[in-house]
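The structure appears right after this line, and notes come after that.
None of the figures in this text is laboratory data; all of them are computed from the coordinates on show. Every value quoted in this text rests on a predicted model; they were computed, and no experiment measured them. Neighbour counts run over all protein chains shown; Cβ positions are idealised from the backbone, glycine included.
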Amino acid sequence: MLKIGLTGGIGSGKTTVSDRFKNIGIPVIDTDVIAHELVNQNTAVLDEIAETFGNSIVDNGLLNRQQLANIVFNDSNKKQQLENILHPKIREQVKQQLKTLEENHQRSPDSVQYCIIVIPLLFETGHYANSFHGLIDRVLLVMADEDCRIERITERDNRNLYEISAIIKTQLDDETKMDNADDVLNNNSDIKT
């Protein structure tokens, strides 16, 4: 089974693209979904994050994602600490889901021939990218102009321009991502157009 890593900058439309693949029956493994499940369903992971970043990031037993984002996007050392906690656990979950997909594929060889693995920060963190070496066969980059991305993030996350700019600055530039991608999907239009 061909394993395609889908990546792109914040607001580029990765979820919209992965949802379109799901809608046509392509299996999708989303590392963001896995990360959410890890911190929401595994108290040991949430406790480890709270121990590292302080109890103020936990609100009523749940991770306050925006507060944690404000911490890690303003301090590369803190970002690395979070990655060190989550990325090995995410990789293991991806491997387990891939194993299940491969087993299903072997039982039904006429089934779908590829799957999508959504990895938002594939290019941003060398450690993260290396951790997926051998798990993905091709990289599909979803791109959108920065103005389009800012508009989407503002509507979706209700963040101010300063926060959005800080997040975008932590991500690689489009040219570098394009140099490392196998395929590029330009996603500046609305899904209805």
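Using the Cα centre of the chain as the reference point, and only Cβ charges (+1 on K/R, -1 on D/E), how large is the resulting charge dipole? Debye, rounded to the nearest 20. Each step should come with its number before you reach the end.
Numbers: 20 positive and 30 negative charges, 77 e Å.
The dipole magnitude comes to about 380 debye.
A cut-off under 15 angstrom between Cβ atoms defines the neighbours of ILE49, and their net charge, with Lys, Arg +1 and Asp, Glu -1, is -3. Mean sequence separation of contacting Cα pairs (under 8 Å, at least six apart), scaled by the length of the chain, corresponds to a relative contact order of 39 percent.
Residues whose amide H comes within less than 5 Å of that of VAL118, counting only those at least five positions distant or on another chain, are LEU6, ILE29, ASP30, THR31 (H built at 1.01 Å from N in the peptide plane). Directionally averaged projected area (the chain, Cα convex hull): 11.6 nm². With a simple spin-label model that places each label point 7 Å from the Cα along the Cα-to-Cβ direction, the separation between ASP32 and ASP183 comes to 2.0 nm. Provide, for the range 2-186, the number of lysine pairs with alpha carbons under 14 Å apart, each pair being eight or more places apart or on different chains. Lysine pairs meeting the criterion: 5.
With a cut-off of 15 Å, note down the residues of the range 14-53 whose backbone N falls inside the zone around a label point 7 Å from the Cα of VAL112 toward its beta carbon. Residues 15-31 fall inside that zone. Distances between placed amide hydrogens fall under 5 Å for VAL58 paired with ASN64, all partners being 5 or more residues away or on another chain.
For the range 81-86, backbone phi angles converted through the Karplus equation (6.51, -1.76, 1.60; θ = phi - 60°) give residue-by-residue couplings of 4, 5, 4, 5, 6, 8 Hz, Gly and Pro being listed as x.
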